[in-house]
Amino acid sequence: MFKHAIVRRPCRAIVDGITSAPELGKPDYELALRQHDSYITALERCGVTVTVLPADERYPDSCFVEDPAVITGKCAIITNPGAPSRNGEKDQILGAVKRFFPDDKIEYIRAPGTLEGGDVMMVGSHFYVGRSARTNAEGIRQFIAILERYGLTGSEVSLEKVLHLKTGVNYLENNNLLVSGEFVDKPDFAGFHKIVIPDEEAYAANCIWVNGTVIVPQGYPAVERAVRAVGYEVIFVDTSEFRKLDGGLSCLSLRF
Ligand code: GLY
């Protein structure tokens with residue numbers, strides 16, 4: 001069960017965030033704020049206490065707090081984001097992490113290692129780590145070494161097409177895994193009950209399980225049906241403005 005979530009308010013500079021889909025247009029800042037309000041409300045409805053960090057105009061993508069830190073049940077790991085414009089976010093998330101973890105339970109990924117939390121999927125005490133354009137082999141090596149010091153395990157997953165591992169695969173607990181695209185047939189995930197998302201709704205493979213409820217992006221009926229079919233309550237949040245920056249529901253919070 002999760003007790004806490006950390007989020008950061010979108011900043012006005014969000015219009016300058018990184019995107020692989022400029023054809024979707026720039027995010028509307030005011031609408032992004034309203035969608036962020038709904039996201040916080042959804043988390044609260046799932047029973048977590050939400051720590052809301054102020055907007056940081058220096059970092060256009062800084063509302064995607066999942067990337068500069070990974071929080072496990074035993075320690076917090078400050079990452080080293082591979083996107084140069086996002087790297088400084090790691091120093092800004094540290095203060096929030098320190099509210100919950102003592103210094104000797106906070107670990108760091110160091111250069112030349114890079115790692116972004118969007119590439120990390122937690123399944124109990126095991127962590128799948130995507131090797132992506134943002135997360136390199138050395139970052140994964142350091143990450144797994146840290147996990148093992150705490151009695152946790154990790155394994156690398158290759159990815160070719162999407163930004164982050166969790167762009168295309170997300171664990172919904174109880175052995176249920178939402179998968180899309182390149183992850184559908186990956187041997188790494190053969191042991192899961194796979195819920196395969198059709199290509200036209202691939203964006204919504206990025207759902208989050210929070211204390212028995214699944215938060216689903218609004219407007220993806222096949223994903224809604226599939227998640228309900230395995231027995232979960234569903235809460236919808238419209239994420240249209242974050243999608244314009246390749247961002248999804250998981251990216252917008254640290255949950256622990
Ligand atoms: N715009 C989110 C990212 O590229 O990291």
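Do we find a residue being in contact (Cβ under 8 Å) with a residue 12 or more places away in the chain, closer than 29 Å to Asn136 by Cβ and part of a loop (DSSP other than H, G, I, E, B) anywhere in segment 45-56? Yes. Is it fair to say Phe100 is within 23 Å of Val237 (Cα to Cα), out of contact with any Asp or Glu (no Cβ under 6 Å at 6 or more places or on another chain), among the aromatic types (Phe, Trp, Tyr) and at pLDDT 95 or above? Spelling it out, it is not the case that Phe100 is within 23 Å of Val237 (Cα to Cα), out of contact with any Asp or Glu (no Cβ under 6 Å at 6 or more places or on another chain), among the aromatic types (Phe, Trp, Tyr) and at pLDDT 95 or above.
For Asp238, the conditions (1) more than 15 Å from the ligand (Cβ to nearest atom); (2) within 30 Å of Lys74 (Cα to Cα); (3) under 17 Å from the mean Cα position of the chain (by Cα) are fulfilled apart from (2). Just to be sure before I move on: is Leu178 closer than 27 Å to Ile18 by Cβ, within 16 Å of the ligand (Cβ to nearest atom) and surrounded by 14 or more Cβ atoms within 10 Å (Cβ to Cβ) in the structure I sent? When the stated conditions are applied, Leu178 does not pass them.
Within the group Gly25, Gly17, which residue is within 16 Å of the ligand (Cβ to nearest atom), of a type in the set (Gly, Ala, Ser) and over 19 Å from the mean Cα position of the chain (by Cα)?
Gly25
All conditions in (1) assigned to a loop (DSSP other than H, G, I, E, B); (2) over 19 Å from the mean Cα position of the chain (by Cα); (3) crowded, with 16+ Cβ neighbours inside 10 Å hold for Phe2, with the sole exception of (2). For segment 129-141, the candidate set comprises residues that are more than 16 Å from the ligand (Cβ to nearest atom) and buried (at least 21 other Cβ atoms within 10 Å of the Cβ); within that set, the residue that is farthest from Glu66 (Cα to Cα) is Ile140. There is no residue in segment 119-127 that is surrounded by fewer than 16 Cβ atoms within 10 Å (Cβ to Cβ), among the small types (Gly, Ala, Ser) and farther than 22 Å from Met1 by Cα.
Checked against (1) over 23 Å from Ser155 (Cβ atoms); (2) in a loop (DSSP other than H, G, I, E, B); (3) away from the ligand (no atom under 11 Å from the Cβ), Ser62 meets all criteria but (3). Count of segment 82-101 residues, restricted to those that are within 16 Å of the ligand (Cβ to nearest atom), touching a strand residue (DSSP E or B) at 6+ places or on another chain (Cβ under 8 Å) and not in a helix (DSSP H, G or I), is 2.
The values are calculated or read from the model by the stated rules, or taken from the named source; none is laboratory data. Quick caveat, the model's predicted, so the values are computed rather than measured. Every residue, glycine as well, gets a Cβ built from its backbone with ideal geometry; the counts of neighbours run over all protein chains shown.
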